[in-house]
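Below is one structure, written out as structure tokens, with a few remarks after it.
The values are calculated or read from the model by the stated rules, or taken from the named source; none is laboratory data. Since we're looking at a predicted model, the values are computed, not measured. All Cβ positions, glycine included, derive from the backbone under ideal geometry; neighbour counts span all protein chains shown. Just so you know, the surface numbers come from the protein's heavy atoms only, side chains and all, with ligands and any DNA or RNA stripped out. Shrake-Rupley method; radii C 1.70, N 1.55, O 1.52, S 1.80 Å.
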Amino acid sequence: MFQLTHIEALLEKFWEGDTTLEEERLLKAYFASGQVDDSLKSYAPFFQVLRQEQAVELQRPPVVTEVRPVTYNWKPWLAAASVALLLTTGWWWSSRPNVDVPYTAEVTPETTPVTQPEAATQPQTAQITSETPVQSRGFFRHKTTTRKPSPAPQINEEEEKAMLEIKAALALVSSKLKKGRREAVKGTEHLETMDRVFKKKRDGEG
Amino acid sequence: MNWTIFHEQVFPIRHKLYRFALRITGSVHEAEDVVQEVLEKVWKTSADHSATVQNWEAWCMTLTRNRSLDKTRSQSIRRTAPLENVSERRTDTLNPAEAAERNDLTENIKKMMQELPEKQRLVMHLRDIEELTYDEIAETLSITLDQVKINLHRARKTIRTMILERERVNG
């Protein structure tokens, strides 16, 4: 039960701003009880307003999304990049042009009147007369290689003579090889003839 | 702050934040927007403040106050009397004439409370409606304890004067 004198004293303290939270809750309970003394009824609407305002609630529910801090996982990307780099480098290496034999070399007719044997190549001494720019087939394009022709080397008589001797020797070897090949063919034919004779003889005996 | 703590400590005071925002802006929609923005901000930045914030409720109230004042100042919000949607009307024990008079008086009190100077209005709201301590009010509004007591005293005195004046007129 509420004592009127106590409530009146609390109410005076309240208007002066000297009440505690507990005392203020007691006053609110008193005015909400429906048993307010007539002498204090004029204050009832004020406490009713307080009660009403305390009952106000948010009608629109707030939406808060769970946001995780952005942590960049770079390890898979690093691994993928490494593999891609390795594959690209390997492919480029395998598809790059063979820079060791990029040019065909031949001897100019003025300096070397003799014809070259098929097997002979002289990349060290011969003049480079033709250049073939090599285009890469790979992902990375290679710069087209263009070399300026170097001046024709001077060939003296001794070198020319030596070259002629070498060519004669090579021609001799070549002729011997051809002769040997003919003899080999002849021997093979003879062996086949002998094989047929023996076969006929075996068939006649059988 | 993780999701569980947020739900336990911050989310339950959403109604309190809404009432405070409504007291400042006077607009239901603006107050709802303020609460939404404050809760989002608290959730997203709580990790940065978890070491420094001691009282999440006071911190949220401060954010609500600042955001509401920003909205009020940046936009010319038409002040409407809050609590229009409140259905509670404890006039069932009164006859129709008394109920009409009571409703009229409560509307006048609401209007009077809403027209108080800003500090008085906010101090009175935090004390008489949200039942915060003087220290919490001072922290929320960034004012001294003396300023809290002075503003509360002046606000209550204004309301009491209005009530007594009306009583005197009605005889």
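Before moving on, here are some points about what is shown:
- Each residue in region A:56-72 was checked for being modelled with pLDDT under 85 and open to solvent by less than 100 Å² (accessible area, probe 1.4 Å), and 7 pass.
- Yes/no for residue B:163 being open to solvent by less than 10 Å² (accessible area, probe 1.4 Å) and modelled with pLDDT of 75 or more: yes
- Unique residue being modelled with pLDDT under 90 and more than 27 Å from residue A:43 (Cα to Cα) when the list is B:98, B:139, B:57: B:57
- Residue within region A:18-30 that is facing another protein chain (nearest Cβ under 9 Å), open to solvent by 50 Å² or more (accessible area, probe 1.4 Å) and without any contact (Cβ under 8 Å) to a residue 12 or more places away in the chain present: yes
- Residues (more than 9 Å from every other protein chain (Cβ to nearest Cβ) and open to solvent by less than 70 Å² (accessible area, probe 1.4 Å)) located in region B:123-144: B:123, B:124, B:126, B:134, B:136, B:137, B:138, B:140, B:141, B:143
- Filtering B:40, B:30 for residues that are open to solvent by 50 Å² or more (accessible area, probe 1.4 Å) and not small (Gly, Ala, Ser) leaves a single hit, B:40.
- Qualifying residue in region A:15-25 (condition: among the charged types (D, E, K, R) and modelled with pLDDT under 90): no
- Filter result (of a type outside the set (A, V, I, L, M) and farther than 17 Å from residue A:53 by Cβ) within region B:119-139: B:119, B:133, B:134, B:135, B:136, B:139
- Positions within region B:38-52 being at the interface with another protein chain (Cβ under 9 Å from one of its Cβ atoms) and either under 27 Å from residue B:73 (Cβ atoms) or in contact with a Ser or Thr (Cβ under 7 Å, 6 or more places away or on another chain) (or both), in sequence order: B:38, B:39, B:40, B:42, B:43, B:44
- Residue that is most open to solvent (accessible area, probe 1.4 Å), among those in region A:147-175 that are basic (Lys, Arg) and modelled with pLDDT under 90: A:148
- When each of B:55, B:66 is tested for being closer than 28 Å to residue B:114 by Cα, free of Cβ contacts under 8 Å to residues at least 12 places away in the same chain and either more than 9 Å from chain A (Cβ to nearest Cβ) or surrounded by 19 or more Cβ atoms within 10 Å (Cβ to Cβ) (or both), the lone residue that passes is B:66.
- Those residues of region B:2-27 which are touching a helix residue (DSSP H, G or I) at 6+ places or on another chain (Cβ under 7 Å), more than 12 Å from chain A (Cβ to nearest Cβ) and either assigned to a helix (DSSP H, G or I) or open to solvent by 10 Å² or more (accessible area, probe 1.4 Å) (or both), in sequence order: B:9, B:24, B:25
- Residue B:120 vs. criteria more than 9 Å from every other protein chain (Cβ to nearest Cβ) and modelled with pLDDT of 90 or more: yes
- Matching residues, region A:36-53, being facing chain B (nearest Cβ under 10 Å) and open to solvent by 60 Å² or more (accessible area, probe 1.4 Å): A:41
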